[in-house]
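Report on the following structure.
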Amino acid sequence: MSKPSRRKADSSGPELFIERTGQLRITDKSAEQQALEKGRVECLGMTFKSDEERRAHFLEKLREKLKDPEFRKIEGFPIGKDEDILALSDPPYYTACPNPFLEAFVDHYGKPYDGKHDTYKREPFAVDVDEGRTDIVYTSHSYHTKVPPRAIMHYISHYTEPGGLVLDFFAGSGMCGVAARMCALGSRGTIEDEKARVPILIDLSPAATSIASGYLWPSAPDVLYENGRLLLDRASSALEIEYRLPSTLSLDKQDEVEFVISVEAFVCPVCQGPVISKQVVQATKEIGTAVDFPCPNCSALVSRAPSPGSQAHRLERRLHTVYDDALKSTRQELNRVPILAQVRGPRLGRRLIALGDRSRFGSAAQNRISAPNRNERCSVESEDWIDMHDVRRVAPPKINLR
């Protein structure tokens, strides 16, 4: 079999293969060299053959750093094993602990301040910003005090230069970092990388930085799909007992429980019976008070928050002790009783089901949901609760990755 010719593909195109000596060229690169370099990854001034090689290199650096006792003394260092921290990290871009590559990152992307030649000047940003909270990036994950990234983008574009560093010490779910990257979006939706800013996001919460990392360095779709499927399978097995419905309900075998609505079971101070009624949560016109109503067990006048001068007895709250497998210790929680369940199936679709009183539940749920008097039935106005919950509002379409 003849050896492939190393001539040019045509009179004007590049050579097909690298020289026999293996010497790479700076200009007039062969098609083979261009394909080789296309798969390479540049990171902090270093070149790697692939992204996997880049990650392996920096993971080993992080592994060595984790052995340093002084490094682990940094305030806010997460409680966890080295292998767990390494498994969650994608260094140098994201680490599930204080990032030891931060200085190298700033040295690579930043530039020293030169006061003599500094020409930076910006007028105050005095434009009204009106951005809604319906952006797909904003709605893809919930987080406290979240700000739409498109609103932040206006300020970053005004006060920073393309390629500049943007530092957020309280990053949360990373909307400031997303906004910095969104500065690369052209007017027609094109990506103009030269306009992007480089974000550095810091937060004390490992969960927050993990979410932010997912926004800025998203996983490949097939990896996300497979991990999501495994997570759903594990959660389904672990939480199956929490979503077990009574056998007396007419359910199809293929029906899936999407969620269960539970309410707190208060205790009547007169008869010590459980009180579960929607009247408990009905407020009055007076701030800080609730309506008076008769106890369903003894008819005594009760209220969650009696008004001044009211003759109603204040309902009592009771706690019970449970063992937490994750914490390996006991903790106290409120008595809660399931009222409604939403199920979905191929035959009847999505629907709400009133669960009735606690006594209809099986032994597994009965052990988990305790009441002050286990022998007494709970009077639950299950059907009335449906009016308080709009299926369209509380039940967005379920994402099934299985």
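The values are calculated or read from the model by the stated rules, or taken from the named source; none is laboratory data. This one's a predicted model, so the numbers in the text were calculated from it and none came from an experiment. Virtual Cβ from ideal backbone geometry, glycine too; neighbours counted across all protein chains shown.
Got at least one residue in segment 132-141 being outside the structural domain of V178 (by TED's automatic domain parsing), in contact with a Pro (Cβ under 6 Å, 6 or more places away or on another chain) and surrounded by 15 or more Cβ atoms within 10 Å (Cβ to Cβ)? Outline the logic, then answer.
First, pick out the residues of segment 132-141 that are outside the structural domain of V178 (by TED's automatic domain parsing): none.
No: zero hits.
Kindly indicate which of A208, A265 is hydrophobic (A, V, I, L, M, F, W, C), touching a residue at least 12 places away in the same chain (Cβ under 8 Å) and touching a Pro at 6+ places or on another chain (Cβ under 8 Å).
A265
Which residue is farthest from L315 (Cα to Cα), if the candidates are limited to segment 282-303 and must be out of contact with any Gly (no Cβ under 9 Å at 6 or more places or on another chain) and at pLDDT 90 or above?
Looking at the filtered set, the residue picked out is S299.
Taking the criterion of being within 30 Å of E60 (Cβ to Cβ), hydrophobic (A, V, I, L, M, F, W, C) and modelled with pLDDT under 90, would at least one residue in segment 92-114 satisfy it?
No; the residues of segment 92-114 include none that is within 30 Å of E60 (Cβ to Cβ), hydrophobic (A, V, I, L, M, F, W, C) and modelled with pLDDT under 90.
When you check A151 against the structure, is it surrounded by 14 or more Cβ atoms within 10 Å (Cβ to Cβ), modelled with pLDDT under 90 and of a type in the set (A, V, I, L, M), yes or no?
no
With segment 162-276 as the region, which helices (runs of 4 or more DSSP H) entirely inside it contain at least 2 residues that are outside the structural domain of R336 (by TED's automatic domain parsing), out of contact with any Phe, Trp or Tyr (no Cβ under 6 Å at 6 or more places or on another chain) and modelled with pLDDT under 85?
Hits in segment 162-276: 221-239.
Kindly indicate which of G214, G163, G172 is surrounded by fewer than 17 Cβ atoms within 10 Å (Cβ to Cβ) and on the phi > 0 side of the Ramachandran plot.
The unique qualifying residue is G163.
When you check K116 against the structure, is it basic (K, R), within 18 Å of G164 (Cβ to Cβ) and more than 28 Å from the chain's Cα centre (by Cα), yes or no?
Values: basic (K, R): yes; within 18 Å of G164 (Cβ to Cβ): no; more than 28 Å from the chain's Cα centre (by Cα): yes.
No, not satisfied.
Okay, residues lined up against (1) within 19 Å of the chain's Cα centre (by Cα); (2) closer than 30 Å to D107 by Cα:
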residue: A180; (1), (2): no, yes
residue: D203; (1), (2): yes, yes
residue: R244; (1), (2): no, no
residue: E256; (1), (2): no, no
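Quick one: in segment 272-293, of everything that is within 15 Å of S303 (Cβ to Cβ), more than 35 Å from the chain's Cα centre (by Cα) and in contact (Cβ under 8 Å) with a residue 12 or more places away in the chain, which residue is surrounded by the most Cβ atoms within 10 Å (Cβ to Cβ)?
The qualifying residue surrounded by the most Cβ atoms within 10 Å (Cβ to Cβ) is V275.
Which ones in segment 326-370 are part of a helix (DSSP H, G or I) and at pLDDT 85 or above?
none
Examine segment 159-167 for a residue that is of a type in the set (S, T, Y), closer than 30 Å to G45 by Cα and free of Cβ contacts under 8 Å to residues at least 40 places away in the same chain, and state whether such a residue exists.
Within segment 159-167, one or more residues are of a type in the set (S, T, Y), closer than 30 Å to G45 by Cα and free of Cβ contacts under 8 Å to residues at least 40 places away in the same chain.
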